[in-house]
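What follows is a single structure, written as structure tokens, with notes after it.
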Amino acid sequence: MHSATRETKTWRDESDPRIFEQSTENIWRAISECTRALLSDTGVTKESVKGIGIDATCSLAVTDFEGNPVCVTKDKSCGEYGERNIILWADHRAENEANAINATGSVVLDYLGGSMSVRIMSVYCS
């Protein structure tokens, strides 16, 4: 069995430990490099590859309608083109908003398993 790995970048906010961000461009670059390395190491031709499976944890990738990455960082670049366009599953920046929604006791929460998860909250720019 063959494998290839490349490190990916995770950004953390120095003033808010709840923030975890990544980049779709950085991840795709790593996947591409690993694929090329495996083809080279194994001698398998790209024409003989029938499919590739990619697995990831649940995260939110933000792009424009053309698929260009849109920055989610909480500064002036938020909403602009930018590499930091993934909010990781571990990100808890919307903790206060999730708690406020859950405090309403709305019947809508029944469709979300009884409470709003901080991980499915919308991105906000401050």
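Bear in mind that the values in this text are calculations on the coordinates, not laboratory data. The structure displayed is predicted, hence computed values, not measured ones. Please note: Cβ atoms are built from the backbone with ideal geometry, for glycine as well, and neighbour counts cover all protein chains shown.
Some values worked out for this structure:
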read-out	value
Other-chain or far-sequence residues with amide H under 5 Å of Val70's (modelled H)	Val62, Thr63, Asp64, Gly82
Karplus 3J(HN,Hα) series, Hz, for the stretch 4-13 with 6.51 cos²θ - 1.76 cosθ + 1.60 (x for Gly, Pro)	9, 9, 9, 6, 10, 8, 10, 9, 10, 7
Qualifying GluC sites (Glu not before Pro) for the stretch 15-94 [loop in DSSP, other Cβ within 10 Å: at most 15]	Glu66, Glu80
Using θ = phi - 60° and Karplus 6.51 cos²θ - 1.76 cosθ + 1.60, couplings along the stretch 98-110 (whole Hz; Gly, Pro as x)	4, 4, 5, 5, 5, 5, 6, x, 4, 4, 4, 4, 4
Degrees, to the nearest 10: 24-42 long Cα axis against longest axis of the chain	20
Spatial separation of Cα centroids for the stretch 2-41 and the stretch 77-114, in angstrom	24
Projected label distance in nm at Tyr111 and Ser40, using a 7 Å step from Cα toward the beta-carbon	5.0
Theoretical gain in end-to-end length, Asn99 to Asp75 [0.36 nm per residue, Cα-Cα removed]	6.3 nm
Choice from Gly82, Gly43, Gly53 showing the highest fluctuation, given a GNM over the chain with Cα pairs closer than 10 Å	Gly53
Per-residue [θ]222 nm for the chain (sum of -39500 (n - 2.57) over DSSP H runs n ≥ 4, rounded to 500)	-7000 deg cm²/dmol
5 angstrom amide H check on Asp13, placed H, neighbours 5+ away	Ile19
Added length on full extension, which subtracts the Cα-Cα distance from 0.36 nm per residue, Ile52 to Glu33	5.5 nm
Relative contact order [Cα under 8 Å, 6+ residues apart], the stretch 11-120, whole percent	28
